[in-house]
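Asker: Take a look at this one; I'll ask things after.
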Amino acid sequence: MSDEKHFYLSTPIYYVNDVPHIGHAYTTLACDVLARYKRARGYEVSFLTGTDEHGQKVEKAAQAKGETPLELADRVVKRFQSLWDKLNISNTDFIRTSQERHKLAVQEIFRNIEAKGDIYLGEYEDWYCTPCETFWTETNLLDGNCPDCGRPTDKLKEESYFFRMSKYQEQLLAHIEANPDFIQPKSRRNEILSFIREGLRDLSISRTTFSWGIPVPGNDKHVIYVWFDALTNYISALGYPNDNDGEFSKFWPCDVHVIGKDILRFHTVYWPTFLMAAGIPLPEKVFAHGWWTVEGQKMSKSLANVVEPNMLIDKYGVDAIRYFLLREVPFGLDGDFSHTALVHRINSDLANDLGNLVSRSTAMLNKYFEGELTSPGETTDIDKVLQDKFTKQVKVIDGHMEALAFNKALQSIWELVGAANKYIDDSAPWTLAKEDAQRERLGSVMYNLLEAVRMIGLLVTPFMPETGANIGKILGVDPADQLLEDHDSWGLLKPGTIIEKATPLFPRIETE
Ligand code: MSP
């Protein structure tokens with residue numbers, strides 16, 4: 001980590017030729033959970049997202065709609081921003097590559113690398129896939145088509161500026177070898193290592209065949225290649241080449257760029273070599289997650305199976321969607337979205353396990369003590385088991401969060417939910433309530449239960465901020481004021497607190 005109490009993380013910036021779908025929401029959501037967790041651990045967090053607005057793909061999409069590229073971008077950017085609001089995304093900045101601050105940074109890094117002699121003018125002749133904005137050599141092509149998306153490619157010959165990427169091959173290999181965590185997960189790291197070992201070519205970083213982009217400084221016949229432009233967003237947002245009141249020096253190098261597996265090479269080969277050439281330190285980590293299919297099929301407009309996040313949130317609630325996306329699939333692997341799996345998770349994990357725990361605990365406290373928490377008495381063996389489990393598990397969860405293993409973190413939190421539900425069964429409050437002599441013991445059981453609920457509420461907050469806030473409200477503690485860092489030890493609920501009977505947190509979804 002670059003600095004102990006600062007944390008900088010980024011999503012990819014999204015192309016504006018498409019409207020947001022569940023895949024985009026996934027990357028942004030994962031970053032949001034990590035950002036919230038880090039804040040809860042006392043870090044000052046810079047969390048960047050934004051839109052990638054230049055390039056031929058966007059220019060063509062705008063033409064097809066009879067708009068200027070900027071009109072298209074202005075329209076689509078609102079779709080992204082309103083979805084992020086609706087998903088409760090807590091980004092601290094939103095960068096658009098059409099902004100002046102970005103243009104300045106891109107031209108500056110270009111100039112900087114050129115001044116060092118690592119950019120030169122040459123001629124390009126290769127096969128270009130416009131949908132992927134990627135050049136391929138003849139041998140890369142599959143039956144003449146793009147090896148990534150399978151669509152036709154065009155032969156392009158043009159004057160172009162080149163970046164001496166080949167020069168950085170050994171330095172990049174050495175960096176990846178010396179920093180085993182730089183590329184995650186491990187399988188992705190191996191993929192990139194073998195790609196680099198096959199040899200890096202110099203990279204064409206300008207185009208002359210269209211104009212929607214940032215002009216090359218001193219030669220505006222050329223616009224800068226969209227990936228050179230887009231990757232720079234991670235530093236332009238911090239004010240590069242200036243320090244923006246200390247932001248650049250505070251937050252760079254970035255702690256983690258979270259991306260999808262399809263854009264790994266750009267982030268772990270192109271971006272680090274650009275930075276090396278410019279003399280800027282490399283990000284600490286690049287984490288590539290997997291891809292979602294939908295009901296077993298690739299998501300695509302032609303199959304009309306694109307999952308629209310707004311509709312899902314309206315139907316199931318924002319926290320249920322946030323929970324499902326991060327619980328269902330290990331971060332880093334591919335996964336499948338299905339309505340059956342979603343409804344199953346909501347009913348079993350949320351309504352049944354968590355929702356019932358909160359309803360039962362608060363209902364019993366009201367039934368037996370009119371809602372007033374009493375001081376816990378002597379600690380029995382089963383109390384000790386519960387407390388130890390919570391204390392240990394907080395550390396386990398922290399380890400999972402550090403590793404971006406969101407599904408494991410949730411699994412571990414749900415083990416606590418399970419332990420608390422089991423504690424109810426084992427301590428059988430309904431039996432204790434029958435005997436006056438057990439009154440103090442009953443009070444202790446209630447205290448422990450609600451303390452378990454409090455800790456679970458804090459732990460779920462980064463994943464489900466509304467649910468965390470609801471649980472806090474029920475217990476009379478404001479999670480916004482309760483940093484996990486200072487409140488993750490057992491026994492912090494105050495005896496004497498009045499806790500009302502909770503309404504169900506998650507209604508069950510009826511299925512046929
Ligand atoms: N503009 C580039 C990124 C530039 S970053 C300097 C881009 N944009 S994108 O809009 O096409 O994709 C953005 C992200 O969405 C990628 O990380 C991609 O992996 C992710 N996803 C797009 N479809 C997805 C799924 N079906 N499943 C999971 N994530 C997917 O690439």
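Asker: One residue is enough: does segment 255-265 have a residue meeting the conditions touching a helix residue (DSSP H, G or I) at 6+ places or on another chain (Cβ under 9 Å), farther than 22 Å from Pro185 by Cα and away from the ligand (no atom under 13 Å from the Cβ)?
Answerer: No: zero hits.
Asker: Is segment 277-292 home to any residue that is buried (at least 20 other Cβ atoms within 10 Å of the Cβ), away from the ligand (no atom under 12 Å from the Cβ), over 21 Å from the mean Cα position of the chain (by Cα) and free of Cβ contacts under 8 Å to residues at least 60 places away in the same chain?
Answerer: no
Asker: Another question about this same structure. Considering every residue within segment 102-119, establish whether at least one is assigned by TED's automatic domain parsing to the domain that holds Gln56 and part of a strand (DSSP E or B).
Answerer: There is at least one residue in segment 102-119 that is assigned by TED's automatic domain parsing to the domain that holds Gln56 and part of a strand (DSSP E or B).
Asker: Output yes when any residue across segment 38-45 is touching a residue at least 24 places away in the same chain (Cβ under 8 Å) and either within 10 Å of the ligand (Cβ to nearest atom) or within 30 Å of His339 (Cβ to Cβ) (or both), and no when none is.
Answerer: No.
Asker: Please verify whether segment 234-242 includes one or more residues that are touching a strand residue (DSSP E or B) at 6+ places or on another chain (Cβ under 6 Å) and either of a type outside the set (S, T, N, Q) or over 21 Å from Asp52 (Cα atoms) (or both).
Answerer: Yes.
Asker: Are any residues in segment 210-252 within 16 Å of the ligand (Cβ to nearest atom) and part of a loop (DSSP other than H, G, I, E, B), and if so, which ones?
Answerer: Selection gives Trp212, Gly213, Ile214, Tyr225, Thr232, Ala237, Leu238, Tyr240, Trp252.
Asker: crowded, with 16+ Cβ neighbours inside 10 Å, small (Gly, Ala, Ser) and under 18 Å from Ile224 (Cα atoms) - does that describe any residue in segment 93-104?
Answerer: Checked segment 93-104: at least one residue is crowded, with 16+ Cβ neighbours inside 10 Å, small (Gly, Ala, Ser) and under 18 Å from Ile224 (Cα atoms).
Asker: Enumerate the pairs (first residue in segment 249-275 and under 12 Å from Phe7 (Cα atoms) and touching a residue at least 40 places away in the same chain (Cβ under 8 Å); second residue anywhere and of a type in the set (A, V, I, L, M) and within 13 Å of the ligand (Cβ to nearest atom)) with beta-carbon separation below 6 Å, excluding pairs fewer than 6 apart on the same chain, so at least 6 apart or on different chains.
Answerer: His257/Val286
Asker: Filter segment 414-438 down to residues that are over 44 Å from the mean Cα position of the chain (by Cα), surrounded by 12 or more Cβ atoms within 10 Å (Cβ to Cβ) and assigned to a helix (DSSP H, G or I), then give me how many there are.
Answerer: Here is the first cut: in segment 414-438, the residues over 44 Å from the mean Cα position of the chain (by Cα) are 431-438.
Okay, now just the ones that are also surrounded by 12 or more Cβ atoms within 10 Å (Cβ to Cβ), so 432-433, 438.
Pick out the ones that are also assigned to a helix (DSSP H, G or I) and you get 432, 438.
Total meeting the criteria: 2.
Asker: Can you tell me how many residues within segment 159-183 are over 29 Å from the mean Cα position of the chain (by Cα), under 15 Å from Phe195 (Cβ atoms) and surrounded by fewer than 19 Cβ atoms within 10 Å (Cβ to Cβ)?
Answerer: Of the residues in segment 159-183, 3 are over 29 Å from the mean Cα position of the chain (by Cα), under 15 Å from Phe195 (Cβ atoms) and surrounded by fewer than 19 Cβ atoms within 10 Å (Cβ to Cβ).
Asker: Checking Pro376 against (1) free of Cβ contacts under 8 Å to residues at least 12 places away in the same chain; (2) of a type outside the set (A, V, I, L, M, F, W, C); (3) assigned to a loop (DSSP other than H, G, I, E, B), which test does it fail?
Answerer: (1)
Asker: Let me ask something additional. Would you check if Thr340 is among the β-branched types (Val, Ile, Thr), buried (at least 20 other Cβ atoms within 10 Å of the Cβ), in a helix (DSSP H, G or I) and over 18 Å from the mean Cα position of the chain (by Cα)?
Answerer: no
Asker: Any idea how many residues of segment 54-96 are closer than 19 Å to Asn310 by Cβ and assigned to a helix (DSSP H, G or I)? I'd like the intermediate steps shown before the answer.
Answerer: Going through segment 54-96, the residues closer than 19 Å to Asn310 by Cβ turn out to be 75-91, 94.
Applying the additional criterion that residues be assigned to a helix (DSSP H, G or I) yields 75-86.
So the answer is 12.
Asker: Of the residues that make up segment 186-198, is at least one in contact with a helix residue (DSSP H, G or I) (Cβ under 8 Å, 6 or more places away or on another chain), without any contact (Cβ under 8 Å) to a residue 60 or more places away in the chain, over 27 Å from Phe47 (Cβ atoms) and charged (D, E, K, R)?
Answerer: Within segment 186-198, one or more residues are in contact with a helix residue (DSSP H, G or I) (Cβ under 8 Å, 6 or more places away or on another chain), without any contact (Cβ under 8 Å) to a residue 60 or more places away in the chain, over 27 Å from Phe47 (Cβ atoms) and charged (D, E, K, R).
Asker: Quick one: in segment 485-510, which of the residues that are of a type in the set (A, V, I, L, M, F, W, C) and in contact with a Phe, Trp or Tyr (Cβ under 8 Å, 6 or more places away or on another chain) is surrounded by the most Cβ atoms within 10 Å (Cβ to Cβ)?
Answerer: Of everything passing the filter in segment 485-510, Leu493 is surrounded by the most Cβ atoms within 10 Å (Cβ to Cβ).
Asker: Would you mind stating whether Leu354 is more than 21 Å from the chain's Cα centre (by Cα) and either at pLDDT 95 or above or buried (at least 18 other Cβ atoms within 10 Å of the Cβ) (or both)?
Answerer: On the way: more than 21 Å from the chain's Cα centre (by Cα): yes; either at pLDDT 95 or above or buried (at least 18 other Cβ atoms within 10 Å of the Cβ) (or both): yes.
Yes, satisfied.
Asker: I need the full set of residues from segment 2-23 which are near the ligand (Cβ under 9 Å from one of its atoms), in contact (Cβ under 8 Å) with a residue 60 or more places away in the chain and in contact with a helix residue (DSSP H, G or I) (Cβ under 8 Å, 6 or more places away or on another chain), in order please.
Answerer: Hits for segment 2-23 are Ser10, Thr11, Pro12, Ile13, Tyr14, Val16, Pro20, His21, Ile22.
Asker: Could you count how many residues in segment 293-303 are within 15 Å of Gly260 (Cα to Cα) and either touching a residue at least 60 places away in the same chain (Cβ under 8 Å) or more than 8 Å from the ligand (Cβ to nearest atom) (or both)?
Answerer: 1
The values are calculated or read from the model by the stated rules, or taken from the named source; none is laboratory data. None of these values were measured; they are calculated from a predicted model. Reconstructed Cβ throughout: ideal geometry from the backbone, glycine too, with neighbour counts over all protein chains shown.
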